[in-house]
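Enquirer: Please read through the structure below; I'll follow up with questions.
Since every read-out is calculated from the coordinates, none of them should be taken as a lab result. Bear in mind that the values here come from a model prediction, so they are computed numbers and not experimental data. Please note: Cβ atoms are built from the backbone with ideal geometry, for glycine as well, and neighbour counts cover all protein chains shown.
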Amino acid sequence: MEKRELLYEGKAKKLFTTDDSNLLISEFKDDLTAFNGAKKSSETGKGALNNKISTELFKLLESQGVPTHFVAMLDDNHMLHKRVDVILIEVIVRNIATGSLSKNLGIPDGKVLPFTLVEFDYKNDELGDPKLNDQHCLILELVESTQELDQLRAMARQINDILRPFFKEKGLNLVDFKLEFGKDADGNIILADEISPDNCRFWDIETGEKMDKDRFRQGMGGLKVAYEEVLHRILGEHS
Ligand code: C5P
């Protein structure tokens, strides 16, 4: 399967058409951005690591019955996947308070939440991805019904119920993460985008060390080593 036209260039990926109108290719870039694009950098090899990590996690989720857009990893930086109509809602799942939750609501950083929190953010860079409630989602026509919002929440919890114990076994706390969904050619809601340390927070269970994009957001360095360690642990090469 070959790349044809560039359809869209995002902050972390380029999207290409293929000779099959139902399939697209994502090219994972080495670019790093934070704070809605205000902080920018690049890390050679980061794109390939995210492609490999996402591939493993999509395969795991598919094997547990979660429908995803994943079709195949083509090479280090390219993933073949289904074309979807993207739902412009970023579904945020949180097990432990940190980041914007702690900042906005004053919940102590590191507090384990009494239950898993699922939130919706508007996928809109111009507006700075504001928080949405169900009524906002319906007024903005981001989904067709409340049932679809319930389905997004249910799928997000199902994904968390698979990933959280999976990472615990690998010595990592899955603190929080962002998911994106879309509708496939048959109108079914499926998981899209990527699942990588760019959009998840992982804390080492023993040391508390951050193993994700917060290393870039907070100027800590060592991002690539951390992403490599996440991939090794996923592959069962826990050192
Ligand atoms: O910044 P905040 O605490 O809201 O982030 C929650 C989770 O969602 C983090 O894992 C972060 O990486 C992810 N996220 C993302 N893209 C965004 C906003 C948040 O991947 N635009």
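Enquirer: What is the number of the single condition among (1) buried (at least 18 other Cβ atoms within 10 Å of the Cβ); (2) more than 16 Å from the chain's Cα centre (by Cα) that ALA72 does not meet?
Expert: (1)
Enquirer: I would also like to ask the following. Could you tell me whether segment 87-94 includes any residue that is of a type outside the set (Ser, Thr, Tyr), within 13 Å of the ligand (Cβ to nearest atom) and in a helix (DSSP H, G or I)?
Expert: No: segment 87-94 contains no residue that is of a type outside the set (Ser, Thr, Tyr), within 13 Å of the ligand (Cβ to nearest atom) and in a helix (DSSP H, G or I).
Enquirer: Being out of contact with any helix residue (DSSP H, G or I) (no Cβ under 6 Å at 6 or more places or on another chain) and without any contact (Cβ under 8 Å) to a residue 60 or more places away in the chain is the filter here, so list the residues in segment 16-43 that pass it.
Expert: PHE16, THR17, ASP19, ASP20, LEU24, ILE25, GLU27, ASP31, THR33, ALA38, LYS40, SER42
Enquirer: How about segment 42-60: which of its residues are over 17 Å from GLU9 (Cβ atoms), of a type outside the set (Asp, Glu) and over 14 Å from the mean Cα position of the chain (by Cα)? Give the steps one after another, and end with the answer.
Expert: Of segment 42-60, the ones over 17 Å from GLU9 (Cβ atoms) are 43-45, 48-49, 52-60.
Then drop every residue that is not of a type outside the set (Asp, Glu), which leaves 44-45, 48-49, 52-55, 57-60.
Across segment 42-60, the qualifying residues are THR44, GLY45, ALA48, LYS59, LEU60.
Enquirer: Find the residue count for segment 98-130, including only residues that are within 9 Å of the ligand (Cβ to nearest atom), without any contact (Cβ under 8 Å) to a residue 60 or more places away in the chain and not in a loop (DSSP other than H, G, I, E, B). Outline the logic, then answer.
Expert: Going through segment 98-130, the residues within 9 Å of the ligand (Cβ to nearest atom) turn out to be 98-104, 119, 121, 123, 125, 129.
In the following step, the residues that additionally are without any contact (Cβ under 8 Å) to a residue 60 or more places away in the chain were identified as 100, 102-104, 119, 121, 123.
From what is left, the residues that are not in a loop (DSSP other than H, G, I, E, B) are 100, 102-104, 119, 121.
Qualifying residue count for the region: 6.
Enquirer: Continuing with the same structure: Out of all the residues in segment 57-110, which are within 30 Å of GLU141 (Cα to Cα), out of contact with any helix residue (DSSP H, G or I) (no Cβ under 8 Å at 6 or more places or on another chain) and charged (D, E, K, R)?
Expert: GLU62, LYS82, ARG83, ASP85, GLU90, LYS103
Enquirer: Still on this structure, please answer the following. Is it true that some residue in segment 188-200 is of a type in the set (Gly, Ala, Ser) and under 21 Å from ALA156 (Cβ atoms)?
Expert: For segment 188-200, residues of a type in the set (Gly, Ala, Ser) and under 21 Å from ALA156 (Cβ atoms): present.
Enquirer: I've got another one for you. Counting just the residues of segment 209-235 that are away from the ligand (no atom under 16 Å from the Cβ) and in contact (Cβ under 8 Å) with a residue 60 or more places away in the chain, which one comes out nearest to LYS52 (Cα to Cα)?
Expert: Selected residue: LEU231.
Enquirer: Run ASP186 past the list (1) closer than 29 Å to LEU80 by Cβ; (2) within 16 Å of the ligand (Cβ to nearest atom) and report the number of the one that doesn't hold.
Expert: (2)
Enquirer: Scan segment 172-207 for residues that are touching a residue at least 12 places away in the same chain (Cβ under 8 Å), in a loop (DSSP other than H, G, I, E, B) and surrounded by fewer than 19 Cβ atoms within 10 Å (Cβ to Cβ) and jot them down.
Expert: ASP184, ALA185, ASN188, ILE205, GLU206
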